[in-house]
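Here the structure comes first, spelled out in structure tokens, and everything after it is commentary.
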Amino acid sequence: MTVRAATPEDAAAVAHVQVTSYQTAYALHFPAGYWDGVTEEEQTLDWQAWLDGHPDDVWLVATDAGAVVGYGLARVGAYHGVDGEVMALHVLPEQGNRGHGRRLLATAVHLLIGSGCRSIGLSTLVGNPVRRWYESLGGTGVATTVAAAGDGWTVREVVYTWADAAELMARLDERSSGRTSNG
């Protein structure tokens, strides 16, 4: 299992992870059929264009036996009172609980710290069970955002922040060393 910088050649594999995640994990939190129109082909084109339009973003992939099984996206910039944001973190459902998400998050945080970030934030759906993991890593829920999703339906997300990115990195490192059973 490795985490590395994504390349334009990874766009189709990242799109597969993204669409699979939307149609499985996210499906429980959206109206039936909400994600049906999202295609891997469309998302592949979006990811290929992303690198051109956002060259300073941190785009990572997790691989297992050479295949992309997850991805993360982060950037330096103000976000709910912190100076770095993890914008996306997705792993194929069948690859869950194997450490890919932790490795992606740790690598993203490490790179954000290396770019001068002292604090980190991210958001996730209110009903997403991954919230327990973020809380176990010391994340503080600082806001709940609500966005229109169409047809009068809204999406609610919780924003988590870590005022000390180095402390988050230490907690992620502690988890990888096996000194704790969580995460």
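Here are a few things to note about the model shown:
- Enumeration of residues in the stretch 75-115 that are in a helix (DSSP H, G or I) and either aliphatic (A, V, I, L, M) or at positive phi (or both): Leu104, Leu105, Ala106, Ala108, Val109, Leu111, Leu112, Ile113
- Checking the stretch 89-99 against the condition returns no match, with no residue being more than 30 Å from Pro31 (Cβ to Cβ), more than 16 Å from the chain's Cα centre (by Cα) and of a type outside the set (Ser, Thr, Tyr).
- Within the stretch 38-51, the set of residues being part of a helix (DSSP H, G or I) and more than 17 Å from Met87 (Cβ to Cβ) comprises Glu40, Glu41, Glu42, Thr44, Leu45, Gln48.
- Residues that are more than 15 Å from Trp162 (Cα to Cα), touching a strand residue (DSSP E or B) at 6+ places or on another chain (Cβ under 8 Å) and of a type in the set (Lys, Arg) within the stretch 94-118 comprise Arg98, Arg103, listed in sequence order.
- Here Thr140, Thr63, Thr144 are screened, and the one residue that is under 23 Å from Gln23 (Cβ atoms), over 12 Å from the mean Cα position of the chain (by Cα) and either surrounded by fewer than 22 Cβ atoms within 10 Å (Cβ to Cβ) or aromatic (Phe, Trp, Tyr) (or both) is Thr63.
- Note on the stretch 73-88: residues that are under 20 Å from Thr20 (Cα atoms) and more than 14 Å from the chain's Cα centre (by Cα) total 0.
- Which listed residue, of Thr7, Thr2, is more than 20 Å from Leu125 (Cα to Cα), among the polar types (S, T, N, Q) and touching a strand residue (DSSP E or B) at 6+ places or on another chain (Cβ under 7 Å): Thr2
- Of the residues making up the stretch 29-46, just one is in contact (Cβ under 8 Å) with a residue 40 or more places away in the chain and under 18 Å from the mean Cα position of the chain (by Cα), namely His29.
- Restricting the stretch 1-59 to residues that are within 17 Å of His100 (Cβ to Cβ) and in contact with a His (Cβ under 9 Å, 6 or more places away or on another chain) leaves a set whose member that is modelled with the lowest pLDDT is Ala25.
- Residue selected from the stretch 11-44 under the condition out of contact with any helix residue (DSSP H, G or I) (no Cβ under 8 Å at 6 or more places or on another chain) and surrounded by 13 or more Cβ atoms within 10 Å (Cβ to Cβ), by the criterion farthest from Ala149 (Cα to Cα): Ala13
- Only one entry in Glu157, Glu174, Glu167, Glu135 is surrounded by fewer than 21 Cβ atoms within 10 Å (Cβ to Cβ), of a type in the set (Asp, Glu) and under 21 Å from Thr2 (Cα atoms), namely Glu174.
- Annotation: Val69 fulfils all but one of (1) touching a Pro at 6+ places or on another chain (Cβ under 7 Å); (2) outside any helix (DSSP H, G or I); the unmet one is (1).
The values are calculated or read from the model by the stated rules, or taken from the named source; none is laboratory data. Keep in mind that what you see is a predicted model, and the values were worked out from it rather than measured. All Cβ positions, glycine included, derive from the backbone under ideal geometry; neighbour counts span all protein chains shown.
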